[in-house]
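The values are calculated or read from the model by the stated rules, or taken from the named source; none is laboratory data. Model, not experiment: these values are computed from the prediction. All Cβ positions, glycine included, derive from the backbone under ideal geometry; neighbour counts span all protein chains shown.
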Amino acid sequence: MAKKGTGFTVLELLVVILIMGIVAAMALPEALNAIKDYRLNSDATFMASTLNVARMQAASQYAPYRVAIDFLTGTYWEEQLCGDTPSSVDSNCTSPYNPYSTPRIIGGTQYISQGDSFETCRPSSVTSYPGEIQSDSIPCGSPPPLYIYFNTRGSPVDSSGNMASNGGYVVYITNSDQMVEAVTVAVGGAVSTWLWNPVSGTWNGK
C-alpha cells in the first residue's frame, strides 16, 4: 500500500509566505534606518579624519593647510597652502594662507553619502552648539565653500592666520530622517564628532 505524501500543502506554503512577508515588512524600515544611521556616522567620521590629517600635516610639514567644504555639492577636499613660498615663485603666494595658482589638493575630492548633506548653520531642530562652539562657523546664507584653516602648529585659524573665534569651527551633517551629527575643531586643535539627541536635547560626544 502506498504511503501518504508528507509534503506541504499549498495552503501551508501560503501561510508560511504570508508570515515571512509580515516579518520582512516589519524589519525592512528598521534595516533602512540602520543603513542611514551608518552612512551618517561614516560621513562624520571620515570628515573628522580628513580634518585631523590636515592638522597633522600642517604641523609636521610646517606649512598651512585648509579643508574646503562645499555644502551645495556635498564635497570636500584638503589643500596645502602657500606658506613661505614667495610670490616670485608663485604669483598667487602673496599671503601664507593663499592657495597655489595650481591648487595642491591632497587625496582628491571627497563626496558625502547620498541622502546626507552638509550644513554650516545649526539646524532648526537643534537648540545648542556642540562642545566649545559658540556660534556657526560662517553666517547663514554665505556662499560655499567653508574653509577650515590650520597654521603650522596645527591650530585652527582664519584666512589671515588669526586664531579661530567663537570656540572653533563646526560642520553639521544631516540625513533624510533629520538625524544630525556634527564635527568640531576646537580652538586648541582637537577634532571631535558629536551626535544630537533630540530626546534629551543635548549633544553626545563620540
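What to note about this one:
- Only a single criterion out of (1) modelled with pLDDT of 95 or more; (2) over 18 Å from V53 (Cα atoms); (3) surrounded by fewer than 14 Cβ atoms within 10 Å (Cβ to Cβ) is not satisfied by Q114, namely (1).
- Any hit, segment 151-162, residues being touching an Asp or Glu at 6+ places or on another chain (Cβ under 9 Å) and surrounded by fewer than 16 Cβ atoms within 10 Å (Cβ to Cβ): no
Residues are listed down the side, and each one gets a yes or a no for (1) crowded, with 18+ Cβ neighbours inside 10 Å; (2) basic (K, R); (3) out of contact with any strand residue (DSSP E or B) (no Cβ under 9 Å at 6 or more places or on another chain):
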| position | (1), (2), (3) |
| --- | --- |
| R122 | yes, yes, no |
| S125 | no, no, no |
| I133 | yes, no, no |
| S142 | no, no, yes |
| S165 | no, no, yes |
| V170 | yes, no, no |
| G189 | yes, no, no |
| S200 | no, no, yes |
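Residue-wise test of (1) under 17 Å from M56 (Cβ atoms); (2) not charged (D, E, K, R).
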{"position": "S159", "(1), (2)": "no, yes"}
{"position": "N175", "(1), (2)": "no, yes"}
{"position": "A186", "(1), (2)": "yes, yes"}
{"position": "K206", "(1), (2)": "no, no"}
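- Checked against the criterion of being in a loop (DSSP other than H, G, I, E, B), at positive phi and at pLDDT below 95, the candidates G141, G107 yield just one match: G141.
- Exactly one residue out of G83, G74 is more than 21 Å from G154 (Cα to Cα) and touching a residue at least 12 places away in the same chain (Cβ under 8 Å), and it is G74.
- Matching option when the condition is touching a residue at least 40 places away in the same chain (Cβ under 8 Å), out of contact with any Gly (no Cβ under 6 Å at 6 or more places or on another chain) and either over 20 Å from Y169 (Cβ atoms) or assigned to a loop (DSSP other than H, G, I, E, B) (or both), among S113, S91, S60: S113
- Meeting the requirement of 1 or more residues that are under 23 Å from Q114 (Cα atoms) and hydrophobic (A, V, I, L, M, F, W, C), the strands (runs of 3 or more DSSP E) wholly within segment 157-206 are 168-174, 180-186, 191-197.
- In segment 138-153, the residues that are farther than 18 Å from T73 by Cα and within 18 Å of the chain's Cα centre (by Cα): Y149, F150
- Members of segment 176-206 that are charged (D, E, K, R) and under 13 Å from V126 (Cα atoms): E181
- Candidate set from segment 59-77 (those that are of a type in the set (S, T, Y) and out of contact with any strand residue (DSSP E or B) (no Cβ under 7 Å at 6 or more places or on another chain)); member that is nearest to T120 (Cα to Cα): T73
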